[in-house]
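Here the structure is laid out as C-alpha cells; the discussion comes afterwards.
Throughout, read-outs are computed from the coordinates displayed, never taken from laboratory work. Note that the coordinates shown come from a computational prediction; the quantities given were computed from them, not determined experimentally. Quick reminder, even Gly has a Cβ in these numbers, built from the backbone with ideal geometry, and neighbours come from all protein chains shown.
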Amino acid sequence: MKIIDYFHSDRKEHWREQIARYEWRAARFLAQLLAEGRFHSTLGSGTLYLLTEGDKLVSFLTLAEKDCVDAPEYTPWIGFVHTAPEYRGRCHIGRLIDHAVAVAGERGAEQVYICTDHVGLYEKYGFTYLENRVSIYGEDSRVYLRKCRRKGRVVFLNGVTSSGKTSIVEALQDRTDAYFYVVANDLFQEMVGERFLRENYWEHLSRVVLLMYHTARLYADMGHDVLIDGILVEQPQLRPHYRRFMDIMGDSRVDVVEVYCPLDVCRERNIARGDRYESQSREQHDIMAKDIRYSCRVETHLHTPQECAEQIVQALGLGGCAGK
C-alpha cells in the first residue's frame, strides 16, 4: 500500500471519483470541494492524503488549517477520516493518521486536532479528549488532540572501506548543532560470532545488516536522528540492496550521502591501516548497488572530515536538529 498526496497526484480525477462514490455525506462534500477547486478556500492551507492499493482507495483524510469547528486557536485539524468498507477492521486508517501527525510535526505543529461524535474510537490512535465545541452546523462535537512527535531523520553515509565515513561520523557527533545516534556495519558485525563469519561471511553479515536497518527505523520512529555508517553493496542475500533498505525505512525521511575517495587513495589508506586488505575498497566498489539516489556528495581526498561534515549539514539542512 502507498500513501499519496492528492494534490501531487497526476490521477486526481480517478481518486476524486472514488471518494464521491461513497454514501457518506462528508465524502461527497469533500469530492465536491475538490471538483470545484474550493478545498483550500474552505479548509485553509492543507492537503488530502490517500492510502491506496493499486487503483483502489483504501482510506483517506485531510490535514488542514480548519475543520467543522470554528476554533482558530486550534490547528491543524485531521478531518474527513474514512476507510472503504471492504478494508475496515485492519487499522489502515491508523497508518494514515500516523503519517499526517508526522507531517504536522515536521512542519512545527505541537499537536493536531480532530472533531468527532465517536467515543472510544480515536483514543485507539493516540488522541485525548479535550472538550466539547459546537460545530459550524450547530451540532455538539467532541474535540480531541494528539501530540506530534517529530520523526527522526536517517542519514546513510555510503562509501567503500577507507573512504572516510567513520571520520565524518565522528566529526558530525562532535558538533553542537546536530545530535545523532550511530549504527554501523562494523558495530553490528560484532554481534555475530567469529566462527559463523568464517563459515559464511555474507550470509550472517547480510542478516545483521538488515537488522541494523530496522534498528535505525525504530530510532527514527521514536523521534531520534540516526547516522548509518555502511555500504550498499550487492550480495545475493541483500539484492536489491538499495531498494530493500528504502522499503525498510518506509515513510522515514532518508538521505543517502555519497562518501567519495579515489580508489588509489583508499588502497593507500588500507595499507596504512593494516586491518584492511589492499584491494578491499576496489572489490567493494565493483559490487556497489546501482541507481542509488544521493542527496549530496563529499570528497574526502579534498576535504577534512570536519569540512565534509559541514558540507553535509548545509546540504541536508541538519543544523539545529535535536534528536535527543
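Quick notes on this structure:
- Under 5 Å, built H, 5+ apart or other chain: amide partners of Val233: Ala289
- Sequence of Val182, Val256 once ranked by neighbouring C-beta atoms within 10 Å, starting from the fewest: Val182, Val256
- Ranked for footprinting exposure by Cβ neighbours inside 10 Å, fewest first, Phe156, Phe80 give Phe80, Phe156.
- Helical segments meeting 20 Å axial Cα length and Kyte-Doolittle 0.5 threshold in the chain (DSSP H): 92-106
- Cβ-to-Cβ counts within 10 Å put Ser167, Ser162 in ascending order as Ser167, Ser162, the fewest first.
- Length gained on full extension, Glu106 to Ser45: 20.4 nm, using 0.36 nm per residue less the C-alpha separation.
- Lysine pairs in region 2-147 whose alpha-carbon atoms fall under 25 angstrom of each other, counting only those eight or more residues apart or on distinct chains, come to 9.
- Alpha-carbon centroids, region 252-314 and region 93-156: separation in whole Å: 42 Å
- Note on Glu170 and Glu299: with the Förster distance fixed at 22 Å, the Cβ-Cβ geometry gives a FRET efficiency of about 0.80.
- Contour minus Cα-Cα distance for Asp291 and Leu197 (0.36 nm per residue): 30.9 nm
- Rounded to the nearest 500, the helix-only mean residue ellipticity at 222 nm of the chain stands at -11000 deg cm²/dmol, with each DSSP H run of n ≥ 4 adding -39,500 (n - 2.57).
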